[in-house]
Each structure stands twice: as C-alpha cells, then as structure tokens.
Protein chains: 2
Amino acid sequence: MADVYLYDTTLRDGAAREGVSFSLDDKLKILRHLDSFGMHYVEGGYPGSNPKDLEFFQAAAKLELKHAKLVAFGSTRKALTSAARDKEMKALAASGAPVACIVGKAWDFHVKKALKIALDENVYMIEDSVRYLKKKGLEVLFDAEHFFDGYKDNPKYALRTIEAAAEGGVDWVVLCDTNGGTLPHEVASIVREVHEGMAVPLGIHAHNDCECAVANTLAAVREGARMVHGTVNGYGERCGNANLCSVIPDLALKMDVDCISRERLTGLTDLAHFVSELANLSPDAHQPFVGMSAFAHKGGIHASGVSKETRTYEHIRPELVGNIQRIVVSELSGKSTITLKAKELGIDLQHKPDKLAEILKEIKQLEHVGYQFEAADGSFEILMRKSLGTHKAFFRLESFRVIMEKREDGKVMTEATVKIHVGGRRLIATAEGNGPVNALDRAIRIAMERSFPALKDIELTDYKVRVLDEKKGTAAVTRVLIETSDGEKTWGTIGVSENIIQASWEALVDSIEFGLMHKRQQAHE
Amino acid sequence: MADVYLYDTTLRDGAAREGVSFSLDDKLKILRHLDSFGMHYVEGGYPGSNPKDLEFFQAAAKLELKHAKLVAFGSTRKALTSAARDKEMKALAASGAPVACIVGKAWDFHVKKALKIALDENVYMIEDSVRYLKKKGLEVLFDAEHFFDGYKDNPKYALRTIEAAAEGGVDWVVLCDTNGGTLPHEVASIVREVHEGMAVPLGIHAHNDCECAVANTLAAVREGARMVHGTVNGYGERCGNANLCSVIPDLALKMDVDCISRERLTGLTDLAHFVSELANLSPDAHQPFVGMSAFAHKGGIHASGVSKETRTYEHIRPELVGNIQRIVVSELSGKSTITLKAKELGIDLQHKPDKLAEILKEIKQLEHVGYQFEAADGSFEILMRKSLGTHKAFFRLESFRVIMEKREDGKVMTEATVKIHVGGRRLIATAEGNGPVNALDRAIRIAMERSFPALKDIELTDYKVRVLDEKKGTAAVTRVLIETSDGEKTWGTIGVSENIIQASWEALVDSIEFGLMHKRQQAHE
C-alpha cells in the first residue's frame, strides 16, 4: 500500500488549459501511458455532461488497465431533487469507471452567490449524491471546491460540507484550492486542523495562481493528506494545476514518501514529453526535473564543478527521473566547459592545451560580435573541427545571388541562384522560394542532391531571427539560428551578419555540413 | 523602511538562462525599468571577470537611478592571497556601484571537492573579502553558496562561514539554495535556526529545481529573512530562480509584507512583458499574476461565475498587478477596447456600430494570421483610417526589386530598386544597403525625399523579427515590427508574410505613411 496515492487529472482539469484540446484517440493514448507510468487514479472527464467524454469512457472500459483506476468526474446532484433522479448522477454511475469524483461547494459565499440556494440544501446535495454513488458500488471521492477560501471565511460551514460527504460514506475527501490563492503555510495549518477531526482520508487539489501549487501539495502531505491531485506538466486552467512531474519526485526522492517505485519514476521525463507532444505544446525546457535544461550547466564555474563531482551542482541524479546531464557552451564558459563539450562529441582536447586556448579565444571573439553557441551545437562542432583541422567541407561556394521582386500586380517573386564546387565539379542551380532563405535552401539542395542523396532526409525544422543592438534599425546585426533534423538527430546552427541573408546563409551551410558529416560517420560505423 | 527588500538579479542570474543574452543596451534599459518599477537592489553583473559587464557598470554609473541601488557581483578573493591584491576584488571596489555582493562557499564538501583548499582558508577568504570591500565604503552582501545543503551536511561549518562574513562587517547574509534542491519545510526550519543566532539581517536566494523557489522564498520571509533575491519571470539557469513576479504579489497582497507600494505593484505585468521582450522570449501566458491567461476564464460555469462576482473565481483583482480579466471567446471586450483605442486617437467609433463591427472583424482576421497590434499603434491607426475612408496614401507602389549577391571574393552586395508614384509622377530610385530591408528603406527615401523633405527627420529606430509557427523552418510566417521616431514621437508598425522582405516592406510603408501623416497634421495645427 502506498503512503500517498497519485491522482492524475490531465484529461479533465489539464484539458481546461487555453489552447489544449485532446481528441478521443489522444485521451486513450494518454490514459494508457499514465497507467503504465504508475498513476493510481486517472480522471477521464465528465461522462454526465459531455458527449465526447461519454464516448471516451465507453472506449476506456475496453482497455485493460494494469495499475490505474479510471475516474469519472461530475458535480453533486442538482438542487431540490434526488440523486437517483438526476441525469448526471445516473451517467456517472453508468460510466463503467470504478471510481467517481464529485465536486460540490464548500464555501458558503459560493452557495449563496453562485448557486443561490439554501446552505442546508447544498449539504443535502453532497450527502445524497455520495450515498447514491456508493450504493451503486463505486469508490467515491468528494472534491470540496474552494475549501480553503471557504474554511477561512466560515470554517464551520466548510467542515459541515465534508462531514456530509463522510456521512454519505465517501472514500476520500479532497480539499481543493480552486482559485489557487492559498499559500503553503495556510494550507498546512488548515489541513492539520481538518485532519485531526476526520476519519476519512484526505486528498489535496491545488492550483498554481500563487506559483505555490507544488509546495501546497507537499505541505498537505506533511499534514496528513494521502492523495495528491495534479496534471502532467502542470497543465490546467489559468496558471495550471499542481504539476505532478514535480510533486512526484519531490515526494519520492526528497520526502521519502512511498508513492511510486524507483523503476517507474525513471519514466517521468518520457511521460512529460509524451503528454506535451499530444497536447501540441512545446515542452518547457526549464521545467523542473523533466526539462531539457533542468540538468544543463552553463557557467564556467558550475560546469567545472559538475565535472568534478555531480553532487556539487545537481540536486538529484538526472537518471532518477529519466533525464540527462548536458553541458552548455556560452560566453560564461571557460576551458573546462569546452573540454567537456568536446568530450561529449568524441574530441579529445584535454591533452591539447594550445588548441583549447585557441578555440576558447575564437569562441569569445565570436560571442563578442553576437554569436551564441548554446542552441548551435552543430556550428560549435564544426568550429572545433575546423580549428583541429579535421573538418572536411563538402562544397565550396563560388557565389550566390538572390533576387526578390514585388511586381505591379502585387505578386512577389523570390529566386536564388547558387554557384558551388563539389569535388572537381562546378554546379549552378536556381530555385524559387517563398522568401530569400527558403529559395537559397532549395537552390543549394538542387545543386548538391545528386552528389549527396542523403540531403533528402535532412530538413530545416526551425528558423529563428534575433536582431541585436536593435536601436540601429534595419542596419543592426542579425543573428539567425536554424534547427535541422534528419528524423533521428536534431542540431542547431548559427549565423551572424548585418545582412540577414548572409547570416542565414552561414547557418544554412553549417546545417548542411553537419548533417552530411554525421551521415558519413554513420555510414562508416 | 520596507519590511522586506527586493533584490533583482535578472541581469546576472537571469542571464544565465540558456538562450538568453542581453546586449549592453538591453541591460541598461532593463536596469532603468527595474528602478522605476521599485526594486531596492539591482544586480548588474560581474565587473571583475567579464569585460562586457565592466562596460555596463561604466555606463550605468552615469544613470541617475531613483529608487534602486546598483550591485556589482563577484566571488570572494582567491585562496592564499589577500583581498587587497586580488584583481577581481579591486574591480568590484572600483565598479562605481555602491553595493557589492560576493559569493563564497558555505558547504565544506564544496570547499574540499571543488576549491580543493583548507576549510580554514575558505573562512579567511570570506572575512577578508568582506572587510576589504567594507573598507572601500561599499554596502556588502555575502551570498552563502549552497548554504542549505551545507547546513544539512555540516551545520557547524556552514555557520562558521556566515559568521566570518559578519565578523568582516557584512551588511547582509544571503542564504542560497544554489542547487534548488531544498523543500519549503527544510528552508523554514534552517532559516529559523540561523536567524536566532544572527545579528546580521538575512536574505534568501532560491532556485526552482523542485518547483518550490517561490514557496521557499516565502517560507524564509516568514522565518525572518528581510531580503528576497529573484528574477523577473523566474529566468535563470536550469529551472530558473525564484520568480519575483510571483514572490512580490504573494508578499504584498497575501502576506501583507511591506515591500512595494500598491501603485508600483500595478506595473508588474508591464515589467514582466518588457523583460521577456528584451530577452526575445515569448511571455508565458500561464505565468501566475502576469500571464495573459492568469485571469482568463474558459469554462462556462467559471465565466458566468466571474461575471456574477469576481471573487468567486479570482484570487485577487487582476488590476492590482496591472493585468486584466479575460473572458475567452467574447467579443464584448474586443469592441470596447477598440472604441477606447479609437477615442485615444481622436476617432469617434461609438456612434458607428457598423464600422466598429467591420474593424473588429478585420482585426480578428489579421490576428488570426499573425498580426498583433499591441506594439504596432501606427499600423493600427492606419488600418482604422483605411476602414473609415479617411486615410490618404502618400505614394503608390508600382514595384520593387531587391538583389543580393555574395561574390566570389566573399563580398556581399545588396541593392534595392523601387518604382513608385507620388502625385502624378513616377519615381524610380536605387540604393545599396547592408541588408535587403536597409536597402529598400534607403531607396524609398531617395525616391520620396524631394516631395517630402520631412522624411529626413523620420528614422527607423528598431527592427524586430519573429518567426511564427517555427516548426515550418524557413517557410514559416514571419512577423516584422518596426519602430520609428521623428525625435519627438515614436510609433510601431507591423508586417506579416511568409516572405521576410514582404513583411518588412509592409511595416516600412506603414512607418513612413504614419510619420508623414502626423507631420502634415502638425503643419495644419
């Protein structure tokens, strides 16, 4: 038996995030992933009020979940009726899910202002709804909405609502900070007081409006809560829900709370990326534990510290949550960063102090004029190889020309011509594009594709422009970052120039050189 | 006197975030903004070890800050020397900043493993460095690096390090959770213990690796810390620093701590967006307090609840932090915004509901394809005038052409030709530039300057490019924002296109039209 149960509401509260909308198929995929990851409860949606969710529960009933219990969500019954006659209640009972979570008001202010019903009736609604679902054989949770605000305003009434749920036979009382406005010390003292008087186990459901959702969840657990509600990546309405990707490792690794096995925990980073992928959101690189930068080291001192002893600058070993350490090259970096980065790339610089100093000097000069290698590992590797004399260019540029015309009929035409030398051959190609860089990219590919068919698999996936020293207007220096992928590996390259086309060209050349270089290495392996 | 002092390290620790790199000009702008917002201390960088930062301190010394004290950051002196002989120490003392913050080791493990020096020598380094800077007349802070990890491992030694700083005459001891691995209950108990034995006031410097940086900061303040370190938007290495955009309103609005006036607090959202703009990062819509979605209501119940009574679903009034409530999928707010904006420009739309609806529709369509009028008031005004039939174009474009050539000798040539009609005359001009947009800008000015000599006073001051939908690589849609000034007034214009030159052209045309329009208005006044 776990000390604390993990309750995921990504499919319900998480989907309330602006811009997120999961298809039925997405939801089933996420459910399976959450199950295999090791969540104890997965809340799937509202079978009683949302037809799309009803369909989901029908499909989910056919899945054989190994670990998680599926939860159907809904409100307490309507006022002045009975749960047995309430359509939504019946749908909850019939959803096929073994667990139901019903939300009800715990703040008298809301009962009066939003529901506009008698305070007693709200209490009856809670007890009646719980009792009905228990009779139907379900495990039942009561989500006490606005519990903390309610308790601060009128503790007696707030307690009456959860006691009514207990009276109805509820299995869990979940204290919700619905507006997310409560701070950890308040959560701690309120959960402590409630826990003392309650026989039913407590859960915590926190929102992040004060940037304290994770801390609020941990505080509640320390005061006796035995279930934590949250979402993967903290997705949710407004500022989001408690982020399970942080709550889980905090509990398991820092507080020694039994809630997941060490083995399952290594799937955390994968889970986070999987869900962001299906939500069509970029993963947050800076997200604790699972972000790409969570264990990235940039500063020179830090990087040299890390190389000496991991514990010096890492609060946990990244492997514990399935993440990895990364050394970043930046203007703050010193020799040790570059040595480490070179080692990562299979280049031994440790025993070549002269070369190391030379590379460091070159990087600092380039950084001074606006280069930045953090997101340009491809250009960084090429720079090192050039300095070491191990770089072999795949082509030599003779010249390029871009012509862009906006004609009288309003149509825009862009055309690029490149003249390059590959081996002993001079190649000329012209291509149109929907912009100068796009046209150049196409032209160079046309020129090279016959000699390097592997280019077909190499695709630009991202193009970023940053104008440096912006006060110079259009005469300012432009930095272009290009991200390229061959479907397996992704690399970044950079170009800097007063001329945006020239900057783009530099980044483009590195992007292609790097891609072909690694294709060749693979072929030799 | 404030209860708690706000210490911003966006320019130092914030800039350690992967991908962030502020230019000298950016840094000065941010410093000014932080000062006028109401930070008590602003840490500017490392004058002793980074030439770019040294330049910053020289320029910053000339600014007259109204509220903030500028802080120079550095390490304690090197081992086995004296502070007075240490180059970095001297640079700190000479930086011109009235405050120095020096970081030193508080964890014995680090002293042994990273510094590889005697434990006693580290203690001497701290005391000596502090004393030296105090003698030079500076206010001095000691950043006790890894204090919490150190205290857990060897409390006696950790305390010895900060006592050495006190012995040296330090003004503040800042307890740092450098690896970000400490949880709020640990921070609370350690700060409590340290605070009992220390006469020097304490600060807290938290990192977000457990997603608890804000909560850790609040916990420390509850236990007696009187200074909070953090960054705007929580930018920082790995998972970032304590986010001052959350810490400040949590302290001021929730804990009733005196740290900022109510009036200044309303500048918080603006500050957050300003810094993200200069960092060239998209603002996080879901960020607590300042995010675009922080007070957005999506679900039907919530939205109707909010319309009944703000308090039902909002933990604070958004105006307190300069944010606004947003009901998602609502045209009402749109109409009133536009009416207001039109009124600002002297255009009466209130009594023209048809025109208003038409403009609203057009704006929504433009926003859908990537336009954004927040920073493009010039284009917005022209759009309204076009819709109302009151816009008179100063010229008509027949065609333009840009040729860019990179020649065999490596030289780059860019040339633009425009053909335009002004009055009844057809004008053709060609100009070179250091990029396609610069060349176009010059050509159009050459063509028009005889008819509109006022153009001479109109100058492009800022040029920003953002690639939308980046995953499409170089075929993605590009948004160009241009800022123009005539020395008195400044206006923004926008262009969006798959072709960066076309997008730039749009923004360029609006920029010139707007400038001439206002010159004409002035002449008529």
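Laboratory data are not the source of any read-out in this text; all were calculated from the coordinates shown. In this text the structure is predicted, and so the values were computed from the model without any measurement. Cβ atoms come from the backbone with ideal geometry, glycine included; neighbour counts cover every protein chain shown.
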* To do: Starting from a label point 7 Å past Cα on the Cβ side, list the distances from B:Glu362 to the same position in the other copies, nm, shortest first.
  => 5.4
* Asked: If the convex hull of the alpha-carbon atoms of segment A:395-451 is projected onto planes in all directions, what is the mean projected area in square nanometres?
  -> 3.7 nm²
* At R0 = 30 Å, FRET efficiency that the Cβ-Cβ distance of B:Glu167 and B:Lys112 yields, to 0.05 -> 0.85
* Asked: Counting pairs of Cα atoms in segment B:5-278, how many percent are more than 26 Å apart?
  -> 37 percent
* Apply the Debye scattering formula to segment A:152-231, with a single equal point scatterer on each alpha-carbon and no solvent, then give log10 I(q)/I(0) at q = 0.11, 0.12 Å⁻¹. => -0.25, -0.30
* To do: Work out the length of the dipole vector of segment B:5-278 about its Cα centre, built from +1 on the beta-carbon of each Lys and Arg and -1 on the beta-carbon of each Asp and Glu, and round it to the nearest 20 debye.
  => 720 debye
* Would you kindly work out, in nm and rounded to one decimal, the distances from the label point of B:Glu319 to those of the same position in each other copy, ordered shortest first, with label points 7 Å along Cα-to-Cβ? => 5.7
* Asked: With respect to the cross-link table entries A:Lys27/A:Lys152; B:Lys66/B:Lys489; A:Lys113/A:Lys136, which display a Cα-Cα separation exceeding 29 Å?
  -> A:Lys27/A:Lys152; A:Lys113/A:Lys136
* Structure fact -> To the nearest 20 debye, chain A has a Cα-centred charge dipole, built from +1 on Lys and Arg Cβ and -1 on Asp and Glu Cβ, of 1060 debye
* With an 8 Å cut-off on Cα pairs and a minimum separation of 6 or more residues, tell me the relative contact order of chain A in percent. => 9 percent
* For segment B:18-116, which trypsin sites (Lys or Arg not before Pro) are in a loop by DSSP, counting at most 16 other Cβ atoms within 10 Å? -> B:Lys62, B:Lys66, B:Lys116
* Quick one: give the max-minus-min coordinate of the C-alpha atoms of chain A along each principal axis, largest first, in Å. => 88, 62, 49
* Along each of its three principal axes, how wide is the spread of alpha-carbon positions in segment A:8-165, in whole angstrom units, largest first? -> 42, 31, 25
* Structure fact -> Cβ-Cβ cut-off under 10 Å around B:Asp86, Lys and Arg +1, Asp and Glu -1: the net charge is +3
* Asked: Of B:Ser282, B:His185, B:Gly203, which is farthest on the positive side of the dipole of the protein assembly as shown, counting Cα position, with +1 on Lys and Arg Cβ, -1 on Asp and Glu Cβ, and the Cα centre as origin?
  -> B:Ser282
* **Cβ-vector label at 7 Å, B:Gln521, separations to other copies in nm** => 5.9
* **Rounded if a/c under 1.5, otherwise prolate or oblate - segment A:313-460, Cα gyration tensor axes** => prolate
* Bins of 10 Å, starting at 0 and running to the largest distance - Cα pair percent for segment B:408-525 -> 13, 39, 34, 12, 2, 0
* Asked: So between B:Lys361 and B:Ile446, what do we pick up on full extension, going 0.36 nm a residue minus the alpha carbon distance?
  -> 26.9 nm
* Structure fact -> Counting sequence-distant residues (5 or more places) and residues on other chains, those with an amide H built under 5 Å from that of B:Asp143 are B:Ile102, B:Val103, B:Gly104, B:Val174
* Asked: By counting other Cβ atoms within 10 Å of each Cβ, how are A:Glu43, B:Glu18, B:Glu196 ranked from fewest to most?
  -> B:Glu196, B:Glu18, A:Glu43
* **Surface/4 of the Cα convex hull for the protein assembly as shown, nm²** => 45.0 nm²
* To do: Show me A:135-141, B:491-497 ranked by packing, highest mean number of other Cβ atoms within 10 Å first.
  => B:491-497, A:135-141
* **Cβ-based charge dipole, the protein assembly as shown, positive-most Cα from A:Thr269, B:Thr339, A:Gly48** => B:Thr339
* To do: Report the calculated FRET efficiency for B:His421 and A:Ile428 (r = Cβ-Cβ distance, R0 = 41 Å), to the nearest 0.05.
  => 0.65
* To do: Lys and Arg at +1, Asp and Glu at -1: add these up for the other residues within a Cβ distance under 14 Å of A:Gly169 and post the number.
  => -2
* Averaging over all projection directions, find the projected area of the Cα convex hull of segment B:103-205 and quote it in nm² with one decimal place. => 5.8 nm²
* **Nearby aspartates and glutamates by direct alpha-carbon distance to B:Lys352 (threshold 19 angstrom, same-chain neighbours under 8 apart not counted)** => B:Glu331, B:Glu344, B:Glu362, B:Glu381
* Can you put A:Ser23, B:Ser504, A:Ser387, A:Ser293 in order of Cβ neighbours within 10 angstrom, beginning with the fewest? => A:Ser23, A:Ser387, A:Ser293, B:Ser504
* Structure fact -> The simple spin-label model distance between A:Gln522 and B:His195, using points 7 Å out along Cα→Cβ, in nm, is 5.8 nm
